[in-house]
Every structure is written in structure tokens, then in C-alpha cells.
1. List pairs: first in region 136-149 and among the hydroxyl-bearing types (Ser, Thr, Tyr), second open to solvent by 20 Å² or more (accessible area, probe 1.4 Å), Cβ under 7 Å, 6+ apart or cross-chain?
2. Of the numbered conditions (1) touching a residue at least 24 places away in the same chain (Cβ under 8 Å); (2) more than 19 Å from SER65 (Cβ to Cβ); (3) open to solvent by 80 Å² or more (accessible area, probe 1.4 Å), PRO123 fails exactly one; give the number of that condition.
3. Filter region 51-107 down to the residues that are exposed (fewer than 13 other Cβ atoms within 10 Å of the Cβ) and among the acidic types (Asp, Glu), then identify the one that is nearest to the chain's Cα centre (by Cα).
Amino acid sequence: MATTLSLCAPNRVSCSRLGGKRAVGSARALAATRAPARFASTRSVTTRAVQEIAGADWKKEVLESDIPVLVDFWATWCGPCKLISKVVEKAEEAYPKDKLKIVKIEVDPNPDLVEEYGVYGLPTIILFKDGKMVEGSKREGAINLPKLKEHLAAYGLDA
């Protein structure tokens, strides 16, 4: 038989904060009292988001970039594209923004780019330098972060 503990007891979270609720069992009561404190941290985390571009921005963001650009070709309906999106986000954080720009472009609204760069499988990543696709840099299919870093290192980009 479980005992009912009041969370309104001294040395516990106040009743007004918990809406006057009671928890059953000591483990649940303890967890309920600790949960608010866990989120009280004011730790600042700054992350960069991978920029999603439209076809109209292609020239400016990719071809005219002063730094190498890794382009992630993706589609909303593509399962492996969703998997690789987390890897691409982590890569964005791992590489200095003055050494590598990472952008995403959706293939469905941009069939001209798909045809021009031979994107036949998804997801596809391609590295661009000085306004041109780096020969041999196109890679199709899902990839993990260590493999992506290895792939980029082969073209002179280290994290």
C-alpha cells in the first residue's frame, strides 16, 4: 500500500506552485519536488541554425559565397533526409562559420537545380567552392557525423 505524501510540507515545493496537488508514494513526491529546480538553470546555449534557401537565393548564397558551401538537397517526404538533418545541424555547430557555410535546399520546388547538379537520390550533399561544385564531393544517402567530417576533410575542411 502506497502512502500519500503532501508536497506542501516544510522543505518541499510550495502548494501554490504545485496547485495544491498531492503525490502518491515517496519516489513520485521526490521527483515532483525536484523537477522545477532542474529547469531553473539559466545556462546560455548559442547554436546556429542551418540556413534553408530558396532557388532565388542559390546564386547569392552558394555560387557567390567567399567560403566553401555544403549544400544539403532534401525533400519533406524523404525519411533519410530527416535523419541527416540532425547530422547537418551538428556539423553546422562543429565548423567555424568563417570556414564553412551549410545550407539546405528543398528539391521539389527547385527541379532546375536537381537536373543541373544531377541530384537523383536523396538526401544528397554537395560541396561548392569558388562558385563551382567540387568534383567528387557529391554524396547520396544518409551519413553520420564522423563520416561527414571525414568526407569534408578529404576536401581540405577540418572541424
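The values are calculated or read from the model by the stated rules, or taken from the named source; none is laboratory data. Small disclaimer: the values here were computed from a predicted structure and weren't measured. So basically every Cβ, Gly included, is an ideal-geometry build from the backbone, and we count neighbours across all protein chains shown. Please note that ligands, DNA and RNA were not included when accessible areas were found on the heavy atoms of the full protein model with its side chains. Shrake-Rupley method; radii C 1.70, N 1.55, O 1.52, S 1.80 Å.
1. What qualifies is SER137/TYR155.
2. (3)
3. This residue is GLU52.
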